[in-house]
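In what follows, a structure is listed as structure tokens, so that the remarks can point back to it.
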Amino acid sequence: SDSAGSYHIDNLSPGTYRIVASKEGFASETAEKVAVGSSGAGSADFLLRPGRRILARVLDSDARPLAQTVVFLLDSEGKPLDSRVMTGVDGTATVGGVKEGSYGLLAFARDLAPTAARDIVVTPEADGAAELRLPPGGSLIVKVVDAQNGPVTGASVTLVDPSGVDLGPLMPTLRLFTGLPTVTASDGTIAFPHLVQGTYRVSAASGTGGKAEGSVELLDGKRASLTLTTK
């Protein structure tokens, strides 16, 4: 935006857009379903207020600080927001520009289990804070088959973790970060090598529209498997 607070986004095709306004030290605001007509014109106004912070401390299971760990900000329902930070050498990171409300964090480090913290409260008078400890966790192998029990190649598989965080929107980022494939292999399987213990809800979708859902209990340090049959 310019000195008067005005902004322009050029060369937009007609349609409906989601626009996010943000500035360091201020809470971001989002305008949903902003319509742009055939003339290419649309408008959305924002009022940005000074934001607070959420302070994250990320450790391994032996309480050692974890540097270079990605921390995602989640809303009160466990859905990812448009904010992520990286921890420093002391394992800490700060998410700035946060409005009052209830939030979550999801920390992700290579070779450790993604771990969430929920119900982090931010008030007008106080910042939020959370400590997350990432264990090696257990592993999960999911196999996707069709009605004839044949392997389904190229199916996407998403998880809802034991705390209720839907990992689906973050799955491509998490998988690419570790160099793991994002879809099932030729034998219909996909591996999740590091997950915290608990019950997971698992969903699969094939490229031909077939879908399947199931759940599996995972124990720390153990391997679990689940077969899903698409319909």
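The values are calculated or read from the model by the stated rules, or taken from the named source; none is laboratory data. Computed from a prediction, not measured in an experiment: that's the story for all the values here. Note that each Cβ is placed from the backbone with ideal geometry, even for glycine, and that neighbours are counted across all protein chains shown.
Quick check on region 195-212: of everything there that is under 20 Å from the mean Cα position of the chain (by Cα) and either within 21 Å of Thr182 (Cβ to Cβ) or aromatic (Phe, Trp, Tyr) (or both), which residue is surrounded by the fewest Cβ atoms within 10 Å (Cβ to Cβ)?
Restricting to residues being under 20 Å from the mean Cα position of the chain (by Cα) and either within 21 Å of Thr182 (Cβ to Cβ) or aromatic (Phe, Trp, Tyr) (or both), the top hit is Arg201.
Ala126 passes all but one of (1) among the aliphatic types (A, V, I, L, M); (2) part of a loop (DSSP other than H, G, I, E, B); (3) closer than 16 Å to Arg52 by Cα; (4) at pLDDT 95 or above; which number fails?
(4)
So which residues in region 120-161 are under 21 Å from Leu226 (Cβ atoms) and of a type in the set (D, E, K, R), if there are any at all?
Lys143, Asp146, Asp161 - these are the residues of region 120-161 that are under 21 Å from Leu226 (Cβ atoms) and of a type in the set (D, E, K, R).
When only residues in region 26-49 that are surrounded by 11 or more Cβ atoms within 10 Å (Cβ to Cβ) and either in the same structural domain as Glu125 (by TED's automatic domain parsing) or not in a strand (DSSP E or B) (or both) count, which is nearest to the chain's Cα centre (by Cα)?
Step by step, filter region 26-49, then rank; the result is Ser28.
Quick check on my filter: what residues within region 108-123 are under 15 Å from the mean Cα position of the chain (by Cα) and either within 19 Å of Leu218 (Cα to Cα) or not in a strand (DSSP E or B) (or both)?
Passing the criteria: Phe108, Ala109, Ala113, Pro114, Thr115, Ala116, Ala117.
Somewhere in region 52-64, is a residue crowded, with 16+ Cβ neighbours inside 10 Å, assigned to a strand (DSSP E or B) and without any contact (Cβ under 8 Å) to a residue 40 or more places away in the chain?
Checking region 52-64: not a single residue is crowded, with 16+ Cβ neighbours inside 10 Å, assigned to a strand (DSSP E or B) and without any contact (Cβ under 8 Å) to a residue 40 or more places away in the chain.
Please work out if Val152 is closer than 29 Å to Gly207 by Cβ, crowded, with 22+ Cβ neighbours inside 10 Å, more than 19 Å from the chain's Cα centre (by Cα) and β-branched (Val, Ile, Thr).
For Val152, the condition - closer than 29 Å to Gly207 by Cβ, crowded, with 22+ Cβ neighbours inside 10 Å, more than 19 Å from the chain's Cα centre (by Cα) and β-branched (Val, Ile, Thr) - is met.
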